[in-house]
Every structure is written in structure tokens, then in C-alpha cells.
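Down below is the structure, laid out as C-alpha cells.
The values are calculated or read from the model by the stated rules, or taken from the named source; none is laboratory data. All values reported here derive from a predicted model rather than from experimental measurement. With ideal geometry, Cβ positions are generated from the backbone for all residues, glycine too; neighbour counts draw on all protein chains shown. Accessible surface areas use protein heavy atoms only, side chains included; no ligands, DNA or RNA. Shrake-Rupley method; radii C 1.70, N 1.55, O 1.52, S 1.80 Å.
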Amino acid sequence: MPENALRERMLEATRRRGYLVLCACSVAVHSAIATRELPHGNWRAALVALLSAALLPAILSRRVSAQRLDTLVVWCANIGASYFLWDFYSRGLGLGARESLTVPLFFAVWFGLLPLKQAALRGGVLYLVLAALVLRHWPTDPVPLLYIGFLLFLIGQMTVAGRQIQQELSRTARYADLALTDPLTGLFNRRSMERRLEDHYSPQATVSQPVAITPPAPVTLSATVEGPAPIGILLIDVDLFKAVNDTHGHETGDRVLVAMGQTLRACARSGDLAVRWGGEEFVLLVAAGERAALEQICGRIHRALAEQDWPQALPRVTVSIGAALSDEAQDAAELLKLVDRRLYRAKDAGRARMVMDEEQATDLSGDNRPFSAATLELVPTRWPGG
């Protein structure tokens, strides 16, 4: 998953936790106040506690999107601010500790969830009305009102600075995603994979510093005293892809590549890294560097392509695969040359094959017939997991 998308998911989870803590604290505080004030006929704190508790199911439910939850919280703040002003006016209250803490809470919600102009407008109206209600009993002590104004101004300033920092971080993360992600398929690109291979072969990849090959949630590979555990690499080429472009057009060819990327994601295990190497070639870095694991994944890819059931008419395709283990080479460049040589042996042997050694080509097609452009008929199919 690209780093920016993961960050957005983490931010949503953090926001939900914040709402949960906010509502739980509101329920606890207003319930404590209600136990003291209900005997005197003041039911306002109890009502706030009930309304806060009513928000908890929406916060905990995954059916309520983060955007709808933001809207719900904003509307609760709007209603709460209106009720606060009405209560303040009807009871003729002065600015006490409860009022001084309640007003910044509305500001924090507005400035946290609304565009700055809308938040400033709501906050300005609230403060001006509150000031008018306080000053109507002139002479009165203006210090509490000034302190509240300063606190509200500070909330606004910190929100503006925080949003600028967040925008800059999001822009930086977006550029990082573009640098390491293929724009067509959404897979990691060649640069990302080369970096992972260089890290694997680097002198620092020892027992004390194991190698992680899968961003953004790395999978740490166990290591031995000789160095890091081997990883597997599959170099995958879509057979006769030029015929797809020539017969059905480049737009269809791009859709085939996108769907091929989805297939690799579906066939990869947790910890594996799917990469678009370039053109119609893909790479799968396999965390568990064992021959049996590579053969199993190759078979999974072949079965996914043989059982094509996609949502739109796309040409049937097969793949040729060159496979190798990292301990068969001294460095990343030698490993890539080795797996590339095996890929071409698979293609020369008739395509739809996997080559993992220098003596044998494993037939993935179920027969020994070479594939031709005649196999590229359009079929109504749906990609696995798509």
C-alpha cells in the first residue's frame, strides 16, 4: 500500500479515537455534574451527557464514514453553542470556570474540522454574542472575557500553523509515493525494488540489522550468522503483449497491465513486494526465500490467469517467469542478470513457463503447445480480488 494511503488510514483511526475519548469524557463529566444538579431541578448536564452517549455508537460503527462523522460532530458543536448562549442569557450567568472551558471546546471542533473561513465566522459570532451578554451588566470585570478571547485567538493561530505543516507533509509524502510507485498499476516501481535489493545485499544487513523488504509496513526477515536470510525474486513477462496492443489497442493493453498488477497483489502473500519492472514486465520479491515457496506462488499466478473471470472484456494472457534466490548471486546486479537470463529461457522454451535453474523449464500451461496471437480472443472475465 502506498505510504500516503496508509497515512490517511492512520489519520482516520486517530480521529475516531479522539472522538471516542472526547465523548467518553463528556459523558463522565456531565454525569458527575448531573448527580449534583438534578436534585435542584437542573437537567441540562444530564441532557448533555445523554447526547454525548448517543454519539458513541456512530463513532464506533465502521458504517459511518469519517466524513459523515466529522459533519455530525460539527452539527453537535453548532447546536451546543446555540444552546450554551441561550442558557447563558436566560440564567443571567457570569463567566465562570465552566463557561471558560466550554467556549474553547466549540472553537476546537470548528477549527479542527471546518475550513478556516467558516470556523472563524462561527467562532467570531459566538465570541461577539458572548461579549455582548457579559458587557450588558456593565460595569463588570472584563478580564475573563479577555482571557477567553486570547485563548480563542491562540486556538485559531495554532490550527492555521498545524494545517500548513500537515499540507507540507502530505505534499512530501505524495512526492515520495510518485517517486516509488508506478502511476499506471499502483505497484511499487523499479527504483523501489532496486533499493530493497541493495539493502538486502548491503554489509549492514546482518544479524543485528535484519533486512525489511516490504514498505510501508516492513516485514523483518530472520538472519543467520552468515548474513540475512535469502529472498526470492520472480521476473514475470506477459506473453505476446505486443500482439495485445496491435490487435486490441494500447488502451486495452493498459487495462491488461492494470489487471495484471491486481492479480499479482492477489497472489502475493503478506510480506511480498509486487513491482512493475517496466513495460509488460513485473517483479515479485518473495520474503521467504525457498524454492518451494517460489514454485507455489508461480502456480498461484498461473491458476489466477487460467481462471480469468474479469468484469470487462480483456484478452486472455499467459506469463513467462524467471525465478532465482538471492543467495545464488553476490549482489543485486548479478541477481537481476541471472533472473533475466532465466526469463528468456522460459520464453524460448515456448512461453507460459517458469525457469528456476539452468537445466529445467517448468511448463505452466498444462501442455507443450507454444502460444500464439490466436489465443488472444476477448472473453468476459473478472480479475481475482477485483
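Quick notes on this one:
- Close pairs (7 angstrom Cβ cut-off, 6 or more residues apart or separate chains): over 24 Å from Arg265 (Cα atoms) in segment 1-20, modelled with pLDDT of 75 or more and of a type in the set (Val, Ile, Thr) anywhere: Arg16/Ile59; Tyr19/Ile59; Tyr19/Val73; Leu20/Ile59
- Near pairs, Cβ below 6 angstrom, 6+ apart or cross-chain, from segment 74-97 (over 16 Å from Leu128 (Cα atoms)) to any residue that is assigned to a helix (DSSP H, G or I) and of a type in the set (A, V, I, L, M, F, W, C): Val74/Leu113; Ala77/Phe106; Ala77/Val109
- Within segment 261-276, being buried (at least 20 other Cβ atoms within 10 Å of the Cβ), in contact (Cβ under 8 Å) with a residue 60 or more places away in the chain and in contact with a strand residue (DSSP E or B) (Cβ under 6 Å, 6 or more places away or on another chain) holds for Leu264, Leu273, Ala274, Val275, Arg276.
To keep it simple, each residue is scored yes or no on (1) assigned to a helix (DSSP H, G or I); (2) in contact (Cβ under 8 Å) with a residue 40 or more places away in the chain; (3) among the basic types (Lys, Arg); (4) in contact with a Ser or Thr (Cβ under 6 Å, 6 or more places away or on another chain).
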site	(1), (2), (3), (4)
Ile297	yes, yes, no, no
Ile301	yes, yes, no, no
Ala304	yes, yes, no, yes
Ala313	no, yes, no, no
Ser320	no, yes, no, no
Leu338	yes, no, no, no
Lys347	yes, yes, yes, yes
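- Ala28 among the aliphatic types (A, V, I, L, M), over 25 Å from Leu126 (Cα atoms) and open to solvent by 50 Å² or more (accessible area, probe 1.4 Å): yes
- Qualifying residue in segment 111-120 (condition: farther than 29 Å from Leu60 by Cα, out of contact with any helix residue (DSSP H, G or I) (no Cβ under 6 Å at 6 or more places or on another chain) and modelled with pLDDT of 85 or more): yes
- Among the residues of segment 282-304, those that are surrounded by fewer than 21 Cβ atoms within 10 Å (Cβ to Cβ) and out of contact with any helix residue (DSSP H, G or I) (no Cβ under 8 Å at 6 or more places or on another chain) comprise Ala288, Glu290, Arg291, Ala292, Ala293, Glu295, Gln296, Gly299, Arg303.
- Output for segment 113-140, where each listed residue is in a helix (DSSP H, G or I) and open to solvent by 70 Å² or more (accessible area, probe 1.4 Å): Lys117, Gln118, Leu121, Arg122, Val125, Leu128, Leu135
- Test: residue in segment 219-235 that is open to solvent by less than 50 Å² (accessible area, probe 1.4 Å), farther than 14 Å from Ala287 by Cβ and at pLDDT below 50: no
- Complete set of residues in segment 42-98 that are hydroxyl-bearing (Ser, Thr, Tyr) and open to solvent by 30 Å² or more (accessible area, probe 1.4 Å): Ser61, Ser65, Thr71, Ser82, Tyr83, Tyr89, Ser90
- Annotation: Glu251 fulfils all but one of (1) crowded, with 19+ Cβ neighbours inside 10 Å; (2) acidic (Asp, Glu); (3) without any contact (Cβ under 8 Å) to a residue 12 or more places away in the chain; the unmet one is (1).
- Being at pLDDT below 70 and open to solvent by 60 Å² or more (accessible area, probe 1.4 Å) is not true of Thr214.
- Evaluation of Val244 against (1) in contact with a helix residue (DSSP H, G or I) (Cβ under 8 Å, 6 or more places away or on another chain); (2) of a type outside the set (Ser, Thr, Tyr); (3) surrounded by fewer than 18 Cβ atoms within 10 Å (Cβ to Cβ); (4) in a helix (DSSP H, G or I) (one fails), failing number: (3)
- Of all positions in segment 144-153, none carries a residue that is in contact (Cβ under 8 Å) with a residue 12 or more places away in the chain and either in contact with a strand residue (DSSP E or B) (Cβ under 6 Å, 6 or more places away or on another chain) or within 22 Å of Ala13 (Cβ to Cβ) (or both).
- Single residue of segment 152-174 satisfying the filter (of a type in the set (Gly, Ala, Ser) and at pLDDT 70 or above) that is least open to solvent (accessible area, probe 1.4 Å): Gly156
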